[in-house]
Amino acid sequence: MSQAPTREPVYLKDYRPPAFLTPEIELDFVLEPEATLVTSRQTFRRNPKGEGRELVLFGENQDLLALTLNGAPLPPERWRKESDRIVLLDPPDEFTLEVRSRIDPAANTALMGLYISNGVFCTQCEPEGFRRITYFQDRPDVMARYRVRIEADRSACPVLLSNGNPIDRGDLPGGRHWALWEDPFPKPSYLFALVAGDLACLEDEFTTRSGRKVQLRLYSEAANIGQCHHALASLKKAMKWDEDRYGLEYDLDLFQIVAVNDFNFGAMENKGLNIFNTSATLARADTSTDFDFMNVERVIAHEYFHNWTGDRVTCRDWFQLTLKEGLTVFRDQQFSADMHSPGVKRIGDVVFIRDVQFAEDAGPLAHPIRPDRYIEINNFYTATVYQKGAEVIRMLHTLLGEETYRKGIDLYFQRHDGQAVTCEDFVQAMADASGRDLGQFMRWYSQAGTPELEVRRRFDPDRQALTLEIAQRTPPTPGQEEKLPFHIPIRMGLIGRDGTPRRLQLEGENEPKGTERVLELTEPAQRFTFIGLEGGEPVPSLLRGFSAPVKLDAGYSDDELAHLMAHDTDDFVRWDAGQRLASNVLLALVGDHAAGRAPSTLDRRLIDAFAKSLDRAGEDPAFAARMLSLPSSSYLGQQMQVIDVEGIRFALDLARRELGRSLHGAWLAAYRANTDEGPFSIDTAAIARRSLKNLALAYLAYARDEEGQALVRTQYARADNMTDCLSALRLITETGMPESEAALASFYEKWEKEPLVVNKWFSLQAMIEDEAAPERVEHLMAHPAFTWSNPNRVRALLGSFAMMNLVGFHRRDGAGYRLLTDKVLELDRRNPQVAARLLSALGRWRRFDEHRQSLMRAELERVVATPGLSRDSYEIASKSLA
Ligand code: B3K
Ligand code: ZN
């Protein structure tokens, strides 16, 4: 039934309003694993804004059984069928169409449309999965009211769910039953959902601030329900927060979440019925790390927030994806910041942007947050559309300030509730609410690439004036050679020699205005002169809170970096100063290694900086853990002309070992001071202490001394929570302690019944950075617990290897590249979305040495030449080669 993929790009400029509106749809499902009957009755009305006489209904992977228009079979001359659609030729202005088709959920390995996960029927329709369920104008600007009847075997599927409200249900002969659901809110087809299976349920209630009592129901397989309490508690926090911060209330009497094992993504915001990957739902101290707990809270909130930013106001077309995703990511970032520590949260977000999004922006797959063409839209659920998209919203927030930003949000909902809109509509609401011209700001939506800022400073002691000359430049990206200047907010302050913040008075102003302000860069180069700076030349603290997704070169000396680390008021700037210092030292080591010198000692400056941070660690352990973490290999690699795989490894190994050795006593003290004796707690302070404790343990282990190894052993043996247990296990395997094999075996034996924990076990082994990694990963693929049908498992093993194991994946003989390609090609036939995402690991080939370049390129060429390749993988591989 599957068809040869079309590879013609879709263009933003070709958008046309739909020819018809579909105000109502009734769906009737008779569920059977291998032959589900779907009947849809849709009402159509010609769209006054539409063009053309034809009506296109998309449909894939289904047998069309019958088609009737206003109750009569459609004669052949009134329609034609193509591989992925039917076209009605000149239908009447108003009519009802009934489509009957048969689908095979059990054979649906792509996990788009209706499929079966561990015996549970479930759906994933975003972006274009609904067309695998029935023939429909499957595009987000067609919004319909849904009425859904589900019929299934009562014992296999006691629970029958869809969006909106349960209306009725009943029993049928032959052990079958049915349920009827109705969603009062018109919605695009990508938000449709259906779940049917044998599920346990956790219930709670939330009363909105206007008094609506909302039933909360969280469903999962019975075995998992005990791990769902944290998700439910997180949901209630998110509902409350959205009322407090955005004035947004939930709008139905029922909100349901279902957790399933097999899911291509983290979760999905279907109206009133979110479907989640278990990896973003389950959390219990013994099986989940602190990261998992925070992640569940974040994803639960993200999907809930979509109810307004995505569902109530949706996207006109898929090019506008960042309209809902960038905004919703920004909202979930604000939420997590409010729930925990804003500074530490922001640093985590910046690490992700730099490690992942900056790398994307610097490679062949770079695209603006609103792309202007795609071959397969599934390839655009990227760090650029999501995280850089969130940075763009954050910049609006920074430029407008909280109060005006809120006015803009209110205006956006006032204007567009119930509509499918564009990024322009959003920015226009912000412009109208603030009275500001955001014309130039719109370039963030259309230009790709990471702007580079260069700051030159001149201090005039006589005038007591500091001039900052700030220039911006954005490197070319595919299809965009020349860039126009961006509108960039630079939040900043000046730190005096004595460590105190200076008051800020720009030339031409009568008096100073506070100690922090936002400079707006709009030209290729601009000058800002601060006057009245008695007390000597201050150190500028720039880009506070990472106020724009740019690279900044401020020409800081080591002393100035140390000054900022010690005295700045902004957590991001303090941390970033430390990262710059560490990068300088590490990159010098890489250079030494390349030149054949292999120093065995570490630059004192880095050791001293770490010693100071350790001294202050008690003030804020979570922040200290960030300060004491070295830059990632991805971040270091981005700062090199040619990524030096062996050099990075050498530098990081040396730095970790020497930091461990020279600060042994301080690490030990930090370890002890942050070890909690009492019962396990998941509150923010306890998480913070565990993060510092485990980092200290890591440095002790890197030093490879007896005492450190003994602590690792004890922690592994005694841990009562997964954070401590996994940290210790990772150190045992990473540093090659003798009990490595035995520890891995005992871990597996203990947790083999918990799929999410088994994923950690696969992932940990895939990430061990040694030469044997490709063979180890291949060997693990033969393990009885490995399966290609579960995306989480595939990502845990193959994804961790390709994305997080620099040394193993990039082994000089190309074994890593070959392994990835072989497996991706197999996977591509089964699940193109997951396959294409893995393939992007080969996309950065140009950044490596010539030898590796040619090996990586050869694999990409092999992919492109494969017959029957999916559109998803074709787009990634061909663009990577271009
Ligand atoms: N909107 C979904 C993503 C669907 C992914 C389809 N490839 C999850 C989210 O961003 O909330
Ligand atoms: Zn989202």
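The values are calculated or read from the model by the stated rules, or taken from the named source; none is laboratory data. These figures come from a predicted structure and were not determined experimentally. A quick note on method: Cβ atoms are made from the backbone with ideal geometry, for glycine too, and the neighbour counts reach across all protein chains shown.
What to note about this one:
- For first residues located in segment 289-308 and of a type in the set (D, E, K, R), partners that are within 13 Å of ligand 1 (Cβ to nearest atom) and assigned to a helix (DSSP H, G or I) and lie 6+ apart or on another chain with Cβ distances below 6 Å form the pairs 298/332.
- Summed over segment 68-90, residues that are of a type outside the set (D, E, K, R), closer than 16 Å to residue 54 by Cα and touching a strand residue (DSSP E or B) at 6+ places or on another chain (Cβ under 7 Å) total 7.
- Hey, residue 237 in contact with a helix residue (DSSP H, G or I) (Cβ under 6 Å, 6 or more places away or on another chain), more than 10 Å from ligand 1 (Cβ to nearest atom) and of a type in the set (Lys, Arg) or not: no
- Matching helices (runs of 4 or more DSSP H) fully within segment 594-683 where at least 1 residues are surrounded by fewer than 18 Cβ atoms within 10 Å (Cβ to Cβ), touching a strand residue (DSSP E or B) at 6+ places or on another chain (Cβ under 6 Å) and among the acidic types (Asp, Glu): none
- Hey, residue 356 within 13 Å of residue 387 (Cβ to Cβ), away from ligand 2 (no atom under 15 Å from the Cβ) and either more than 12 Å from the chain's Cα centre (by Cα) or among the basic types (Lys, Arg) (or both) or not: no
- The one condition in (1) away from ligand 1 (no atom under 11 Å from the Cβ); (2) in contact (Cβ under 8 Å) with a residue 24 or more places away in the chain; (3) surrounded by fewer than 24 Cβ atoms within 10 Å (Cβ to Cβ) that residue 345 fails to fulfil: (2)
- Of all the residues in segment 326-342, those that are under 18 Å from the mean Cα position of the chain (by Cα), away from ligand 1 (no atom under 13 Å from the Cβ) and charged (D, E, K, R) number 0.
- Considering segment 289-383, the qualifying helices (runs of 4 or more DSSP H), each wholly inside and each with 3 or more residues that are farther than 23 Å from residue 429 by Cα and of a type in the set (A, V, I, L, M), run over 290-305, 342-352.
- Extreme residue, nearest to ligand 1 (Cβ to nearest atom), among residues of segment 284-325 that are aliphatic (A, V, I, L, M) and more than 19 Å from the chain's Cα centre (by Cα): 313
Table: residues versus (1) aromatic (Phe, Trp, Tyr); (2) at pLDDT 95 or above.
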position	(1), (2)
513	no, no
527	no, yes
530	yes, yes
541	no, yes
545	no, yes
567	no, yes
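- Top-ranked residue in segment 236-263 [being under 22 Å from the mean Cα position of the chain (by Cα), buried (at least 20 other Cβ atoms within 10 Å of the Cβ) and not hydrophobic (A, V, I, L, M, F, W, C); ranked as nearest to residue 339 (Cα to Cα)]: 242
- Sole residue being within 16 Å of ligand 2 (Cβ to nearest atom), of a type in the set (A, V, I, L, M), modelled with pLDDT of 95 or more and closer than 30 Å to residue 249 by Cβ, chosen from 393, 377: 393
- Test: residue in segment 739-750 that is loosely packed, with under 15 Cβ neighbours inside 10 Å and either under 24 Å from residue 838 (Cβ atoms) or touching a residue at least 60 places away in the same chain (Cβ under 8 Å) (or both): no
- Restricted to segment 695-775, the set of helices (runs of 4 or more DSSP H) holding at least 2 residues that are more than 14 Å from residue 796 (Cβ to Cβ) and hydroxyl-bearing (Ser, Thr, Tyr) comprises 706-718, 722-734, 740-751.
- Scanning segment 503-543 for residues that are in a loop (DSSP other than H, G, I, E, B), of a type outside the set (Val, Ile, Thr) and closer than 30 Å to residue 482 by Cβ gives 523, 524, 543.
- Selection count where residues are more than 22 Å from residue 88 (Cβ to Cβ), crowded, with 21+ Cβ neighbours inside 10 Å and of a type in the set (Ser, Thr, Tyr), scope segment 115-167: 4
- Residue, farthest from ligand 2 (Cβ to nearest atom), within segment 277-288, restricted to residues that are polar (S, T, N, Q), in contact with a strand residue (DSSP E or B) (Cβ under 8 Å, 6 or more places away or on another chain) and outside any loop (DSSP other than H, G, I, E, B): 278
- Single unsatisfied condition, residue 324 versus (1) touching a strand residue (DSSP E or B) at 6+ places or on another chain (Cβ under 8 Å); (2) free of Cβ contacts under 8 Å to residues at least 24 places away in the same chain; (3) away from ligand 2 (no atom under 11 Å from the Cβ); (4) among the basic types (Lys, Arg): (3)
- Qualifying residue in segment 266-276 (condition: touching a residue at least 60 places away in the same chain (Cβ under 8 Å), out of contact with any strand residue (DSSP E or B) (no Cβ under 7 Å at 6 or more places or on another chain), within 27 Å of residue 110 (Cβ to Cβ) and buried (at least 18 other Cβ atoms within 10 Å of the Cβ)): yes
- Checklist (1) under 26 Å from residue 276 (Cβ atoms); (2) outside any helix (DSSP H, G or I); (3) of a type in the set (Asp, Glu) applied to residue 813, failing item: (1)
- Subset of segment 829-877 (residues that are closer than 17 Å to residue 7 by Cα, in contact with a Pro (Cβ under 8 Å, 6 or more places away or on another chain) and within 16 Å of ligand 1 (Cβ to nearest atom)): 870, 871, 872, 873
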